[in-house]
Structures are given as C-alpha cells and as structure tokens.
Amino acid sequence: MFNEPTILIVPGLRDQVAQHWQTLLEARLRAAGQPVVSVAPMGRADLSCAQRVTAIERAAQVVEGPLVIVAHSGGVIMVAHWARQTRRSVLGALLATPPDFDCPLPDGYPTLDQLSAGGWLPVPRLPLPFPSIVAASRNDPLARFDRVGEMAAAWGSRLVDLGEVGHLNPASGYGEWPGATALIEQVTAPVAPSLRPGPRPFACTEPAVPRSGLTVSPNRGRVL
C-alpha cells in the first residue's frame, strides 16, 4: 500500500532559513508529490537534546509506511541519540556534515559545558539500526574530515566525500543541494554488505592529514 517512502527532514540547531538546502529540498519534494514531513527548527535558545529527540519521535510515528531521514549538522547528532531509543523502523538516512560535539567548537557556538548540560554528550558511537550515508566536508569549520569519518565508522555508515563545501549551509555559499536526491536514492537502494575497518579513536588535538593541493578556506557561518 505504501510504496513511496516519506522523507523526514531533521534540521540542526538553527531557526527557519528560507535558503537552506533542507528547506529548498522539502519544497521541491512537495512540488513533485513526494511525501515529506519536517521537524520544526528549534533554534539554540534551549539546547535540550531530549526535546529534539521527542520531536523526531513524534514526527516519525505519524508517518505510515517506509521512512527515510534527511538530517543536517546538529540534526545528525539528534538522530544518533533518537536511534538508541526508538522502535520505529527506518529505510535509510542521509546524514550531512555532522558537527564534532566532542571537541570544542568555534567561538559563537555552544560550549562543551552547554552541550553536556543539554544532554548531547557523549555523542552516541553505536551502529545505527538502519542503512545510512554520512556526507562530509573537507573544510567544515565544525568538524575535521577525519573526525567525521570516525563517527561514520562507529555508526556503520558509508562515508561520502563532498569536497570543500564548508558546513553545507548558506553561510558557506550553499542553498540548493542537488546531490541530496541522488544520495537519498543510494541509501534506500539494496546493497550487498561490506566489510568495514574498526573505528580508530582520534584525539581532538590530533592534526588532520592534509590532502595534496588542498586549500582550506575559513568559514564563519553560524547556522547549524
């Protein structure tokens, strides 16, 4: 009866942003007749992780049939927490540019003490109970590429290298993200199981390994 999956969009720690790729994706999916629901952005005035997990659960439970999650930034960490307690089945998840909440963030973002008080830490490092793709940036100001790779390995996710896209938000020069559609299709397609190397812990102060010819542009975006 339910052949087409519903897309559940989970934003990060931001307010409503008209030109954010998640906002544009939701509008494009609705125009195409694709079932889509969205967790309302909650900003950063209240950093309660539990409230956001409850919001994901509420949105997921009203959906009938297959469910696909599309999360960005802090929304990825919310999904990791939610996945530990939900019984809702998920067809797959696209997890874009997760921040590294276990290490200090740039000035203007929540501190480790604030994140800990809000229930975000420690970030879950258990395998997710559904297929997932982690899309990572090479010059994200909120997480080194190798640290995101460590999270992806712990979650059992396939890591996709997006190149230098900052935090994949309007402050990084990104509005529409056409590549999201292809990644959603990939994460929901049947794939043969693959062997993954065990995760290796990285220290927050461990230097990233530069790629030859890689130029990192500073990014001062504040939208998670």
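The values are calculated or read from the model by the stated rules, or taken from the named source; none is laboratory data. Because the structure is predicted, anything quoted here is derived from the model rather than measured. Because the Cβ atoms are built from the backbone with ideal geometry, glycine has one as well, and the counts that use them run over all protein chains shown.
Values as computed for the structure displayed
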quantity: Residue check for residue 137: within 20 Å of residue 84 (Cα to Cα), modelled with pLDDT of 95 or more and within 20 Å of the chain's Cα centre (by Cα); calculated: no
quantity: Given (1) among the polar types (S, T, N, Q); (2) modelled with pLDDT of 95 or more; (3) touching a strand residue (DSSP E or B) at 6+ places or on another chain (Cβ under 9 Å), number of the condition residue 188 does not satisfy; calculated: (2)
quantity: Residue ID - nearest to residue 84 (Cα to Cα), chosen from residues in the stretch 21-65 that are of a type in the set (Asp, Glu) and assigned to a helix (DSSP H, G or I); calculated: 57
quantity: Checklist (1) touching a helix residue (DSSP H, G or I) at 6+ places or on another chain (Cβ under 8 Å); (2) without any contact (Cβ under 8 Å) to a residue 12 or more places away in the chain; (3) among the aliphatic types (A, V, I, L, M) applied to residue 8, failing item; calculated: (2)
quantity: Close pairs (6 angstrom Cβ cut-off, 6 or more residues apart or separate chains): closer than 19 Å to residue 93 by Cβ in the stretch 24-42, of a type in the set (Gly, Ala, Ser) anywhere; calculated: 25/180; 26/38; 37/59; 39/55; 39/59
quantity: Residues that are β-branched (Val, Ile, Thr) and more than 16 Å from the chain's Cα centre (by Cα), drawn from the stretch 38-79; calculated: 54, 62, 63
quantity: Residues within the stretch 94-148 that are touching a helix residue (DSSP H, G or I) at 6+ places or on another chain (Cβ under 6 Å) and at positive phi, tallied; calculated: 1
quantity: Checking residue 46 against (1) in contact with a helix residue (DSSP H, G or I) (Cβ under 9 Å, 6 or more places away or on another chain); (2) at pLDDT below 95, the condition it does not meet; calculated: (1)
quantity: Qualifying residue in the stretch 74-84 (condition: aliphatic (A, V, I, L, M), in a loop (DSSP other than H, G, I, E, B) and touching a strand residue (DSSP E or B) at 6+ places or on another chain (Cβ under 9 Å)); calculated: no
quantity: Residue match in the stretch 1-13 (condition: under 20 Å from residue 136 (Cα atoms), modelled with pLDDT under 95 and out of contact with any Cys (no Cβ under 6 Å at 6 or more places or on another chain)); calculated: yes
